[in-house]
Amino acid sequence: MLCGIAMTLSHSSPEEWAKKHKEMGLSAVVFPLNYTAPTTQIDSYVKAAKEAELLIAEVGSWCNPLDSDIKKRTNNLDLCIKQLELAEYIGASCCVNITGTDGEIWDGSYASNYSEKLYTEAVLSIQKIIDSVNPKLTRYTIEPMPHMIPDSPETYLKLLKDVNRNGFGVHLDVVNMITSPRVYFNNKELTERCFRLLGDYICSCHVKDSLLEHSLTVSIKEVPCGKGGFDIKYYLDKINEKNLPAIIEHLSEEQAYRNALAYINTLYRENL
């Protein structure tokens, strides 16, 4: 399994960074540097990952390419382009971001997130980022979110077709698409649809869990692996069928990631 964690383990050298990931039983990593790092330092981390047989799954480009402030939007688009260039240079599986919003919070919930105007701007921004780099070894990807497009495999497929670029791919996070009790209780079907509709485009996946709380109105929250109702085993089976990286995310400390890895290992030991 190409499993990784969304945490930069404390280290004093690229070699120690790679060694710590291997000692945790990991085989994929999120690249710990951004485009501003010296090329020699970037090369050292790439070399350490390669020698440790660690797949570089993701380069993050976390910003808002649709910011309503034109100066911020321009700067963020430039960041996306430079991070995609970095991903291409190091041969990462993908460069990942979200679509963005025109509200004050970069990943916030706004009615305009579902407007035709913002959707058109999102398509154009993704095209501009990809066309500026023309990647061959990596892809620019969007992480689905519960309160903006894409929020389902169907809306992601539409986005893929509208962007219409070979350098565009899918970053899959099924939990982010669980937005109602009906979907929550049928999350295995959601996972199946994601891989059926998007499988050939998926570059990397995030792994976590989801818990529906008994309250009015609906409350669905992200929780550590094994603490919710998401069928992680089925999800990981689908990921493994395509030999994709699976990155555990949003945990606060190293021990929490170790606990999540232990839970995943238990799932597979129980099914031997």
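The values are calculated or read from the model by the stated rules, or taken from the named source; none is laboratory data. Predicted model, so just to flag it, every value in this text is computed and none were measured. Using ideal geometry, Cβ is built from the backbone for each residue, glycine included, and neighbour counts are taken over all protein chains shown. To get the accessible areas, we keep the full protein, side chains included, count just its heavy atoms, and leave off ligands, DNA and RNA. Shrake-Rupley method; radii C 1.70, N 1.55, O 1.52, S 1.80 Å.
In the Gaussian network model of the chain, springs joining C-alpha atoms below 10 Å, which of Leu197, Leu159, Leu79 carries the largest mean-square fluctuation?
Highest fluctuation among the options: Leu197.
Might you work out the accessible area of Trp62 for me, using a 1.4 Å probe with all protein chains in place, and round it to the nearest 10 Å²?
110 Å²
Could you state the number of Å between the C-alpha centres of the stretch 101-143 and the stretch 1-17?
A separation of 29 Å, based on Cα centres.
Starting from the 7 Å offset along Cα-to-Cβ, what nm value, one decimal, do you get for the label separation of Lys20 and Arg196?
4.3 nm
Out of Val30, Ser93, Leu79, whose Cα points farthest toward the positive end of the dipole of the chain (charges: +1 Lys, Arg; -1 Asp, Glu; placed on Cβ)?
Ser93
Quick check on the chain: of the DSSP beta bridges with both residues there, what percent are antiparallel, nearest 5%?
Of all bridge pairs located within the chain, approximately 20 percent are antiparallel.
Report the extension gain between Val223 and Glu189 in nm, rounded to one decimal, defined as 0.36 nm multiplied by the number of residues separating them, less their alpha carbon distance.
10.2 nm
Please list Thr217, Thr101 from largest to smallest accessible area, probe radius 1.4 Å, with all protein chains kept in place.
The ordering from most to least exposed comes out as Thr217, Thr101.
Specify which labelled value, from (i) 26.6, 104; (ii) 18.2, 55; (iii) 17.0, 49, agrees with Rg and Dmax of the Cα atoms in Å derived from the coordinates of the model shown.
(ii)
Give the residue list of GluC sites (Glu not before Pro) in the stretch 94-147 that are DSSP loop and have at most 12 other beta-carbon atoms within 10 angstrom.
Passing sites in the stretch 94-147 are Glu104.
In whole percent, what relative contact order does the chain give with Cα contacts below 8 Å and a gap of six or more residues?
About 17 percent, as a whole number.
What residues have an amide H closer than 5 Å to that of Leu55, excluding those fewer than 5 places away on the same chain, when H is modeled at 1.01 Å from N in the peptide plane?
It is Ala28, Val29, by chain and number.
Hydropathy at least -1.0 by Kyte-Doolittle, axial extent at least 27 angstrom from the Cα trace: which helices of the chain, defined as entire DSSP H runs, fit?
70-90
Could you list which residues have their amide H under 5 Å from that of Ile5, counting only those 5 or more apart in sequence or on another chain, with H placed in the peptide plane?
For Ile5, the qualifying residues are Val30, Ile248.
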